[in-house]
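Below is one structure, written out as structure tokens; comments come after it.
The values are calculated or read from the model by the stated rules, or taken from the named source; none is laboratory data. Computed from a prediction, not measured in an experiment: that's the story for all the values here. Neighbour counts run over all protein chains shown; Cβ positions are idealised from the backbone, glycine included.
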Amino acid sequence: MMTTRRRLPGFLISLLLCGFVLSSAGSSLIRAERAKDRPPRRLQDAAREIDRLIQLDLADAGIAAMPQVDDGGFLRRVYLDVVGRIPSAAETRAFLDSRSPTKREQLIDDLLASPGRVSNDFNYWADLFRVKSRFSNVVSGEPFMDWLKKAIAANLPYDRMVRELLTATGPAHARDHGATGYLLRDFNMPHDNVANTMRIFLGTRIECAQCHNHPFESWTQRQFFELAAFQGGIRYRSDAFDQGRARELAQASRQLRSAGSEQAFRYIRRQYQLLLSPGISGSGSGLERLPADYRYDDAEPEAWVTAGSLLGKTVRLEVEAPAERRFGNRRRAEAARLERFRRQPDNDSRAVYAAWLTAADNPRFTTVIVNRLWEKLFGRGLIDPVDDIKDDTVAVNFELLSYLEELMVDLDFDLVAFQKAILLSRSYQREAVARDLAPGEPYHFEGPLMRRLSAAQFWDSMVTLVVKDIDSTITLGTSTRAEQIYRNYEQAAAKDVQQILAEAEKVGQGGAGARQAMRERMGDQQGEARRLIRDYYQALRRKDEAAAAKAQDELEAMGVDLDRLQLRRRYGNDMLRASELPQPAPAGHFLRDFGQSDREQIAAGFDDATVPQVLNLLNGFLEDNLFTKQQGELLSSIRAARDPEQKIRIAYLSVLSRRPSKAEIASWRDELRQGGEEVLRDLVWTLVNCHEFRFQR
């Protein structure tokens, strides 16, 4: 039986309704009030305790710990683990040249406080939450992405983040309601969301019990529906829009279509869809019906069940089920049943659900996040796999897991501080272990496991070789795409029915009338943006700082990112961090070829070698980007070098995050003198294609 450490009972209940406030402008992120500065000594003590517990386990197993990794290996590892990319040549040189005795800890602090950490953590959580730029034709994923990045940047305590996701309500496309995206990802599928929630946050797979009693666990089908009852009665549409306006617009659109005005009909329908934006409403009824084919003798098919928990302290709601009514007509009876289901009373069961799931006496909540972060940094969890924990599961180092759980609670679920404690440990800073582990084979963590770069790590590292100061491409506030979603919703919500009908009439006129209506509706934003961009660059050429600042302020108010615009002009539209690209990348993109998940299932990415990866490295990214962009960071730095030996050093520092050996310098020096540019390309191509680049060591 897997057990966990004792924690202060009930410490979470008083925080149940604490809100998470984010700046609507997105430029200033408000730190969660409970996250406070962690004294360095406290985390260093935690790191030493981690080392002590690992050393005891290694001694019991008769295994020797790996030696400490050198500075170059540590530098590359911590960059990949914390910010998701290799360091630039300048960053590598600065670290290797430093003689500070605390330079490793200072680097850890700098990386944890950087925008790169937000980008890398977003990739991690986006994979778990199956984040997509568009959830469906009517639901955008941009607000959810915006919320998630801001939560990560603010270092929102993990337990509060989970409660925010499980209790979110409001219009999906309105500002500050992005957390609704977690439930909307499983639009109209609350049972699937319950199964996904248990797997992500409690490491427990209960999806089998949705259709029948679990064949290998104690969960029953009735228990599954009792758990689902916590989210009973939620509606996948916001209550913010006046239903009277909705009916009026719907009637007007039908009339226009019957009159043959298809353009006007489509215009009203677009406005109607914006106003009736999907969202989440209902605090939870605490009620759910068993399926019609329920065949166990503890309840009748379609009987109401009330909300009840699965793990930890028993939580059960006492809610009165709706009275049943008899109908002679079967179709009428089914329609009435569905209507009653949609209109179940709100009993705040979702808040109880969130409190139970994140509570101190839930035996798996802390275990799972601790185990996930350990796997993220060491390549394998103390419990493996991380999302299929059973009653008889035993951690490979139970004492270490128990201590890490205590540490997580003591740190108030501060994920940044928790990761820092691991990063400071000598165990993390040992040489990597290069061996494949069989499923179920115990691993005692004599060092982190060597592993292939993830798709995002590979892409971001490749882009680092092209773009100078790659982390400047990371959006720190609300992205342009999310801002457009918010503005479209706000503009539609500000119009009354008569305004919409008048605009629809102009659209229905066609030709100039339609174009005029479009200009009035959109305010000719694209043309205005182009004019302001032209004014901005003209002011820069004239060295008119006041005019340039004025144009820049107006562009920023329109959501135009000048830095991003300049970056795209120089390198192309695609040279951005993986977190800044559409989620997921389209099929055939570098990210997908190298294992990025299609985001249809939880953590469905892969790191296996494939033929498309080989072809891409032979004739894809390097030829299309690294060797053709004249202003690319790596090649421009190498070309500016004075002699062949310096060119070789820059290549090794940039690609492999270390200085070349004397033998490596000798093997390339003469060839570079004789072959020039072509050999320079061969050098870079060879380094990027070697195992040392493709693996995290």
Worksheet item: Of the residues in the range 373-395, how many are of a type in the set (D, E, K, R), free of Cβ contacts under 8 Å to residues at least 60 places away in the same chain and outside any loop (DSSP other than H, G, I, E, B)?
Response: 1
Response to the item:
Only unsatisfied item for Leu540, checking (1) within 25 Å of Arg245 (Cβ to Cβ); (2) touching a helix residue (DSSP H, G or I) at 6+ places or on another chain (Cβ under 8 Å); (3) at pLDDT below 80, is (1)
Fill in: Enumeration of residues in the range 661-682 that are within 25 Å of Asp71 (Cβ to Cβ) and crowded, with 21+ Cβ neighbours inside 10 Å
Trp668
Practice prompt. Could you list, in sequence order, all residues of the range 244-261 that are within 22 Å of Asn488 (Cβ to Cβ), surrounded by 20 or more Cβ atoms within 10 Å (Cβ to Cβ) and among the small types (Gly, Ala, Ser)?
Written response: Ser253
Fill in: Restricting the range 485-497 to residues that are surrounded by 15 or more Cβ atoms within 10 Å (Cβ to Cβ) and of a type outside the set (Lys, Arg), the residue that is farthest from Met145 (Cα to Cα)
Val497
Response to the item:
Of the residues in the range 54-87, those that are outside any helix (DSSP H, G or I), of a type in the set (Val, Ile, Thr), out of contact with any Ser or Thr (no Cβ under 7 Å at 6 or more places or on another chain) and closer than 25 Å to Ala113 by Cα come to Val69
Worksheet entry | All positions within the range 262-293 that are polar (S, T, N, Q), modelled with pLDDT of 75 or more and surrounded by fewer than 21 Cβ atoms within 10 Å (Cβ to Cβ) | Gln263, Ser281, Ser283
Discussion item. Can you find, within the range 130-145, the residue that is farthest from the chain's Cα centre (by Cα) among those that are closer than 21 Å to Phe201 by Cα and part of a helix (DSSP H, G or I)?
Written reply: Phe144
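Would you point out which residue out of Leu476, Leu501, Leu437 is over 20 Å from Val78 (Cα atoms), out of contact with any helix residue (DSSP H, G or I) (no Cβ under 9 Å at 6 or more places or on another chain) and touching a residue at least 12 places away in the same chain (Cβ under 8 Å)?
On inspection, the qualifying residue turns out to be Leu437.
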Practice prompt. Scan the range 107-118 for residues that are part of a helix (DSSP H, G or I) and closer than 24 Å to Glu142 by Cα and jot them down.
Written response: Pro115, Gly116, Arg117, Val118
Worksheet item: Looking only at residues in the range 643-666 that are part of a loop (DSSP other than H, G, I, E, B) and touching a helix residue (DSSP H, G or I) at 6+ places or on another chain (Cβ under 8 Å), which one is farthest from Val467 (Cα to Cα)?
Response: Pro660
Response to the item:
Reported set for the range 466-495 where residues are part of a helix (DSSP H, G or I), hydrophobic (A, V, I, L, M, F, W, C) and under 24 Å from Lys629 (Cβ atoms) is Ile470
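Rundown of residues vs (1) part of a helix (DSSP H, G or I); (2) assigned by TED's automatic domain parsing to the domain that holds Ala90; (3) of a type in the set (S, T, N, Q); (4) surrounded by fewer than 19 Cβ atoms within 10 Å (Cβ to Cβ), yes/no style:
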position: Asp574; (1), (2), (3), (4): no, no, no, yes
position: Leu591; (1), (2), (3), (4): yes, no, no, no
position: Gln596; (1), (2), (3), (4): no, no, yes, no
position: Arg599; (1), (2), (3), (4): no, no, no, no
position: Ala603; (1), (2), (3), (4): no, no, no, yes
position: Leu615; (1), (2), (3), (4): yes, no, no, yes
position: Asp624; (1), (2), (3), (4): yes, no, no, yes
position: Gln631; (1), (2), (3), (4): no, no, yes, yes
position: Ser637; (1), (2), (3), (4): yes, no, yes, no
Worksheet, complete the sentence: Counting only residues in the range 20-67 that are of a type in the set (S, T, N, Q) and in the same structural domain as Ser425 (by TED's automatic domain parsing), the one modelled with the lowest pLDDT is identified as Gln44
Worksheet entry | Any chance Val82 is touching a helix residue (DSSP H, G or I) at 6+ places or on another chain (Cβ under 6 Å) and not polar (S, T, N, Q) | yes
Worksheet item: Out of Asp186, Asp192, Asp176, Asp146, which single residue is crowded, with 23+ Cβ neighbours inside 10 Å and among the charged types (D, E, K, R)?
Response: Asp146
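Got a sec? Which of Asp51, Asp127, Asp121 is in a helix (DSSP H, G or I), in contact (Cβ under 8 Å) with a residue 12 or more places away in the chain and in contact with a helix residue (DSSP H, G or I) (Cβ under 8 Å, 6 or more places away or on another chain)?
Asp121
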